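The values are calculated or read from the model by the stated rules, or taken from the named source; none is laboratory data. What you see is a predicted model; the values in this text were computed from it and never measured. Cβ placement follows ideal geometry from the backbone for every residue including glycine, while neighbour counts extend to all protein chains displayed. These area figures cover heavy atoms from the full protein model, side chains too; ligands, DNA and RNA do not enter into them. Shrake-Rupley method; radii C 1.70, N 1.55, O 1.52, S 1.80 Å.
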Amino acid sequence: MKIAFVGKGGSGKTTLSSLFIRHLAAARLPVIAVDADINQHLGAALGLDETEGAALPAMGAHLPLIKDYLRGSNPRIPSAESMIKTTPPGEGSRLLRVGEDNAVYQACARTVKLDDSAVRLMATGPFTESDLGVACYHSKVGAVELCLNHLVDGREEYVVVDMTAGSDSFASGMFTRFDMTYLVAEPTRKGIAVYRQYKEYARDFGVPLKVVGNKVQGPEDLAFLRDEVGGDLLVTVGHSDWVRAMEKGRPAPFSRLEEGNRHALQTLHHTADAAYGHRDWERYTRQMVHFHLKNAESWGNAKTGVDLAAQVDPSFVLFEGTAAPQPA
């Protein structure tokens with residue numbers, strides 16, 4: 001299951017995504033956590049100190065390796081250089097699975113221990129001063145999109161992505177890659193502005209979207225969110241002494257998280273699990289192709305010097321049981 005957490009900056013989406021990751025890990029489910037935000041805070045939210053966070057490998061820095069691994073023996077992709085972030089898989093492509101070991105995970109993932117469990121953590125890498133004027137952050141997030149395009153995951157396997165703040169993910173098709181998107185919203189006008197943007201795109205592309213109300217302090221806040229988002233409001237989360245202690249570097253065992261917040265995480269889990277029954281791999285593949293052709297025409301063909309439409313394998317449909325060639 002692929003789960004995205006989105007919201008405006010400061011909404012608490014990184015905190016909520018980290019709590020959800022801890023919840024899944026505590027349930028002994030395999031989890032890959034991905035920090036795709038321009039501000040890299042997921043590692044810290046999962047308990048890494050500054051040194052450990054800085055040592056995380058950047059997916060963007062390993063993009064050539066990722067491309068070369070994923071293209072496999074696909075005859076439609078003659079070189080890694082001709083791949084762009086939206087390149088879809090086809091016959092001969094290597095696919096990623098949550099529980100396996102492969103060259104991409106070896107280069108880009110690190111194991112993070114959480115109480116008596118663990119998750120794999122991957123990060124796009126920060127947008128540094130050296131990138132200013134010469135790079136776009138979407139090129140870094142492109143490594144995540146490429147991996148999601150080649151991922152086959154099952155019901156009790158989770159990839160949880162802390163997305164970049166605001167509506168930046170609409171610049172590509174990555175927002176269509178998820179089984180469920182949780183939009184974290186504060187009970188303010190700014191807090192629901194991103195929801196309105198996401199709602200429109202989600203409706204157009206059939207993306208499941210639910211709102212998680214955060215920093216809700218009383219009945220008035222709850223009523224505001226209900227008035228503004230209606231039935232999309234799934235659950236609310238209030239103040240957490242557990243989170244405050246964790247942010248001070250004094251985390252208690254996760255089992256001590258407040259009962260109300262634990263119940264909210266269970267609701268997120270059950271809702272995500274229920275989305276499995278609505279998976280449509282053919283639509284998923286069509287959307288990949290749609291955004292690839294769109295990106296190819298707008299900039300990809302000019303950048304690579306090749307016709308990227310030729311990368312589309314019309315007979316290929318990604319699905320859970322897709323067979324993939326093994327590494328040599």
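Ignoring everything except DSSP H segments at least 4 long, calculate the 222 nm mean residue ellipticity for the chain; use -39,500 (n - 2.57) per segment, divide by total residues, nearest 500. It would help to have the intermediate numbers written out before the result.
On the way: 12 runs with 122 residues, N = 328.
Using -39500 (n - 2.57) per qualifying helix, the result is -11000 deg cm²/dmol.
Based on the mean of other beta carbon atoms within 10 Å per residue, what is the order of 271-278, 41-48, most packed first? Could you put the intermediate results ahead of the total?
On the way: 271-278: 14.5, 41-48: 20.9.
Ranking the peptides 271-278, 41-48 by packing returns 41-48, 271-278.
Per residue, how much accessible area does the chain have with a 1.4 Å probe, in Å²?
Value for the chain: 45 Å² per residue.
Could you tell me which of the pairs K8/K113; K8/K215; K190/K215 are separated by over 23 angstrom between their Cα atoms in the structure shown?
K8/K113
Summarise the accessible area of the chain (1.4 Å probe, protein heavy atoms) by the percent that is carbon and sulfur.
Carbon plus sulfur share of accessible area: 50 percent.
Most mobile of T51, T15, T164 per a Gaussian network model of the chain (Cα springs, under 10 Å)?
T51
Which trypsin sites (Lys or Arg not before Pro) from segment 205-281 combine a DSSP loop assignment with at most 11 other Cβ atoms within 10 Å? Working shown, then result.
Details: sites: K210, K215, R226, R244, K248, R256, R262, R279; in loops: K215, K248, R279.
Within segment 205-281, the qualifying trypsin sites (Lys or Arg not before Pro) (loop, at most 11 other Cβ atoms within 10 Å) are K248.
Specify the angular offset, from 0 to 90 degrees and rounded to the nearest 10, of the alpha carbon long axis of helix 259-275 from the longest principal axis of the alpha carbons in the chain.
The helix 259-275 is inclined about 30 degrees to the chain.
Note the direction-averaged projected area, equal to a quarter of the hull surface, for the Cα convex hull of segment 252-328, in nm².
Dividing the Cα hull surface by four gives the mean projection, 10.2 nm².
Taking every DSSP beta bridge that has both residues in segment 1-133, what percent is antiparallel when rounded to the nearest 5?
Expressed as a percentage, antiparallel bridges in segment 1-133 total about 55.
Given points 7 Å out from each Cα along the Cα-Cβ axis, report the T267 to N39 separation in nanometres with one decimal.
With each label point 7 Å from Cα toward Cβ, the separation is 2.6 nm.
Rounded, prolate or oblate for segment 192-328? Axes are the square roots of the Cα gyration tensor eigenvalues, ordered a ≥ b ≥ c, and the cut-off for rounded is a/c under 1.5.
prolate
Would you list, by chain and number, the lysines whose Cα falls below 17 Å from the Cα of K2, excluding same-chain residues fewer than 8 positions away?
Here the lysines satisfying the reach criterion relative to K2 are K13, K210.
What FRET efficiency would be calculated for the residue pair A61, A310, taking the C-beta separation as r and a Förster radius of 30 Å, to the nearest 0.05? Before the final figure, lay out the partial values.
Values: r = 28 Å, r/R0 = 0.94.
FRET efficiency, A61 to A310: 0.60.
Taking the 0 to 90 degree range and rounding to the nearest ten, how far is the long axis of helix 189-205 tilted relative to the main principal axis of the chain, both from C-alpha atoms?
The angle comes out at about 40 degrees.
Kindly work out what percent of the DSSP beta bridges joining two residues of the chain are antiparallel, to the nearest 5.
Values: 6 of 35 bridges.
Here the antiparallel bridges make up roughly 15 percent for the chain.
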